[in-house]
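Trainee: First the structure, which I've put down as structure tokens, then a few questions once you've had a look.
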2 protein chains.
Amino acid sequence: MSEPIGSAKPETGGIANPPVIILIEPQLGDNIGKAARAMLNCGLVDLRLVRPRDGWPNERATANASGADIVIDNTKVFEREEDALADLNRVYVTTARTRDAIKPVFTPKGLAPEMRSVIGRGEKVGVMFGPERTGVRNEHVAMGDAVVTVPLNPGFTSLNLAQAVLLIGYEWWQAGIDVPDYQLMMADTFPATKDDMERLFVHLENELDASGFFRVPEKRPGMERNIRNIFNRANLTHQEVQTLRGMIVAMRGGKYKP
Amino acid sequence: MSEPIGSAKPETGGIANPPVIILIEPQLGDNIGKAARAMLNCGLVDLRLVRPRDGWPNERATANASGADIVIDNTKVFEREEDALADLNRVYVTTARTRDAIKPVFTPKGLAPEMRSVIGRGEKVGVMFGPERTGVRNEHVAMGDAVVTVPLNPGFTSLNLAQAVLLIGYEWWQAGIDVPDYQLMMADTFPATKDDMERLFVHLENELDASGFFRVPEKRPGMERNIRNIFNRANLTHQEVQTLRGMIVAMRGGKYKP
């Protein structure tokens, strides 16, 4: 391949050199495939394997990638860690345990802006993952510029390899987008105006009055407030207000024309 | 079981009623097991299955749970969605697609504080996931109070079921802890003081002077600044300063006594 992988392709979210994922001695093709799938979910496309147990290509990996062919087809295999890391400026090593080494420790959430900043000034970065059962060895920690540890349930830290890759990728992708944490899905309609609501309430109160709902006059103001609270809390759309008014008319035996 | 699951047990991070995970018509035991493992990684212990394709218990699920037995052993199976949701006050439905329904839409990051707030006032919540291939149907969206969508690569949104469970759980756990995004792992030592550093620099500069390193006197101040920058940038520990001073002494033919 002469073209550098991920050069501003849309699948990387427009990043020319997104982080490289390096798996050391991965054992199961299932995990490699699921890691590749998780990578593409998060705009990562450059996967490198160091001494994969079952060789490469690997049928189980392809099957479990579920269509992330761009990652599988470009996966590179290395005999030595040094060769897998050679073109990278910074390497971050994932480990569940605290080590004796004196290293910066990032959470995935802290690592994401760090990597974006380093990549932004033109450097190339990679994240290294150890074998399924044992994780990275001390020699791998020594190869890295910093360590990454996912803060999870200390009573059960055994994290699946593909799951660990996903969490790094997830935070990477989140750090590059701007999606509100909460929004109201509106389909083709739009939120009711205060005027829509006021007309609904007057309509409803008039019909409740006419049907004898307000039997104790002094309780009426409080009851009206309660009813208004119910519908205000529902964040109604313009269309839903019309639907509710149609329901009122129908229940009162009439025919609603908006 | 008479005791409610997750009543302030340590595996839930001290939360009496962490979110329930509901899988609708899950097909693969592998995915159920990996979802259970991801749940326990994140302090979630209450798994419910609605019409699992291969019945229950499921050997592949147990194998893939990798020791998350507390989740697998307590998993409950239901024929009807209504029964699986009966004791919950709020249900959030995960879906990759925007629907016609008018619903609040959370990201996993936005959902986590929402669930902690709702649980904090004593309500019980659940998060629903659809079958692997199709995701939830419109009828399931209608059963929920809100929708959850993970913002990921729009060019490849196919997220594995267990991976989706992990992302909900991951954000749930992160919202309950306070781990710095970046810290320096120190082992048994501690950061060098400015006095440690000053003694190192004076020592080094004296020895460089004695060895004829500063050949051009007017360049000396700038070179000294550059050298100080190198070592200041390294965030040295007290022990590392001693090691460096030992190296200086050795290279100058002496024997270092701290």
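Trainee: Relative to 2.2 N^0.38 Å, what does the C-alpha radius of gyration of the range B:113-258 come to as a ratio? Two decimals please.
Mentor: Normalised Rg, Cα atoms only: 1.99.
Trainee: Treating the beta-carbon of each Lys and Arg as +1 and of each Asp and Glu as -1, no other charges, what is the dipole magnitude of the protein assembly as shown about its Cα centre, to the nearest 20 debye?
Mentor: Rounded to the nearest 20 debye, it is 660 debye.
Trainee: What are the ³J(HN,Hα) values, in whole Hz, obtained from phi via the Karplus relation 6.51 cos²θ - 1.76 cosθ + 1.60 with θ = phi - 60°, for each residue of the range B:115-121 in sequence order, with x given for Gly and Pro?
Mentor: Each residue's phi maps through the Karplus curve to give 5, 5, 5, 5, 5, x, 9 Hz.
Trainee: Using DSSP to call loops (not H, G, I, E or B), can you name the GluC sites (Glu not before Pro) in the range B:41-108 whose Cβ has at most 14 other Cβ atoms within 10 angstrom?
Mentor: B:E79
Trainee: Sticking with this one: Residue by residue through the range A:41-49, which ³J(HN,Hα) values in whole Hz follow from phi under the Karplus form 6.51 cos²θ - 1.76 cosθ + 1.60 (θ = phi - 60°), with glycine and proline marked x?
Mentor: 3, 10, x, 9, 10, 9, 10, 10, 10
Trainee: Collect residues whose amide H, placed 1.01 Å from N in the peptide plane, falls under 5 Å from the amide H of B:V148; neighbours closer than 5 in sequence don't count.
Mentor: Long-range HN contacts for B:V148: B:V93, B:T94, B:T95, B:F106.
Trainee: Heavy-atom accessible area per residue, the range B:19-160, 1.4 Å probe: how many Å²?
Mentor: Accessible surface, normalised per residue, equals 39 Å².
Trainee: Got a number for carbon plus sulfur as a percent of the protein assembly as shown's accessible area, 1.4 Å probe?
Mentor: That share works out to 51 percent.
Trainee: Select from B:I230, B:L28, A:I168 the residue farthest towards the positive end of the dipole of the protein assembly as shown; place +1 on Cβ of Lys and Arg, -1 on Cβ of Asp and Glu, and compute about the Cα centre.
Mentor: B:I230
Trainee: Using only DSSP helix segments of four residues or longer, with each worth -39500 (n - 2.57), what per-residue ellipticity at 222 nm results for chain A after dividing by its residue count and rounding to 500? Don't skip to the answer; put the middle values down first.
Mentor: Values: 10 runs with 107 residues, N = 258.
Helix-only estimate at 222 nm: -12500 deg cm²/dmol.
Trainee: For the range B:62-161, just say rounded, prolate or oblate: build the C-alpha gyration tensor, square-root its eigenvalues into a ≥ b ≥ c, call rounded for a/c under 1.5, and beyond that prolate if a/b exceeds b/c, oblate if not. List each step's numbers first, then the result.
Mentor: Details: a/c = 1.41, a/b = 1.13, b/c = 1.25.
It is rounded, given that a/c, with a ≥ b ≥ c, falls under 1.5.
Trainee: If amide H atoms are built 1.01 Å from N in the plane of the peptide, which residues on other chains or at least 5 residues away come under 5 Å of the amide H of B:L184?
Mentor: The list, which skips near neighbours in sequence, is A:V105.
Trainee: Using the Kirkwood formula on the Cα atoms of the range B:1-149, what hydrodynamic radius do you get, in angstrom to one decimal?
Mentor: 15.5 Å
Trainee: Could you sort the residues of the range B:165-185 by number and keep only those whose accessible area is reduced by 20 Å² or more in the all-protein-chain setting relative to the chain alone, 1.4 Å probe?
Mentor: When all protein chains are present, B:L166, B:L167, B:Y170, B:E171, B:W173, B:Q174, B:V179, B:D181, B:Y182, B:Q183, B:L184, B:M185 each give up 20 Å² or more of accessible surface.
Trainee: May I pose another question? Which entries in the list A:K124/B:K219; B:K76/B:K109; A:K124/B:K109; B:K34/B:K109; A:K219/B:K124; A:K34/B:K109 go over 31 Å, if you measure between the two C-alpha atoms of each?
Mentor: Long pairs (Cα-Cα over 31 Å): A:K124/B:K219; A:K219/B:K124.
Trainee: What average count of beta carbons from other chains do you get within 10 Å of the Cβ of residues in A:143-153?
Mentor: 4
Trainee: Let me ask another. If you plug each phi of the range A:83-89 into the Karplus form 6.51 cos²θ - 1.76 cosθ + 1.60 with θ = phi - 60°, what whole-Hz ³J(HN,Hα) values come out, in order, with x for Gly and Pro?
Mentor: Per-residue couplings from phi come out as 6, 5, 9, 3, 8, 8, 8 Hz.
Trainee: Now for a different question. Compute accessible area for the range B:12-35 by itself and then with all protein chains, 1.4 Å probe, and report residues whose area falls by 20 Å² or more.
Mentor: Those are B:K34, which lose 20 Å² or more relative to the chain on its own.
The values are calculated or read from the model by the stated rules, or taken from the named source; none is laboratory data. Source: prediction; values computed, not measured. With ideal geometry, Cβ positions are generated from the backbone for all residues, glycine too; neighbour counts draw on all protein chains shown. Surface accessibility is based on the protein's heavy atoms, side chains included, excluding ligands, DNA and RNA. Shrake-Rupley method; radii C 1.70, N 1.55, O 1.52, S 1.80 Å.
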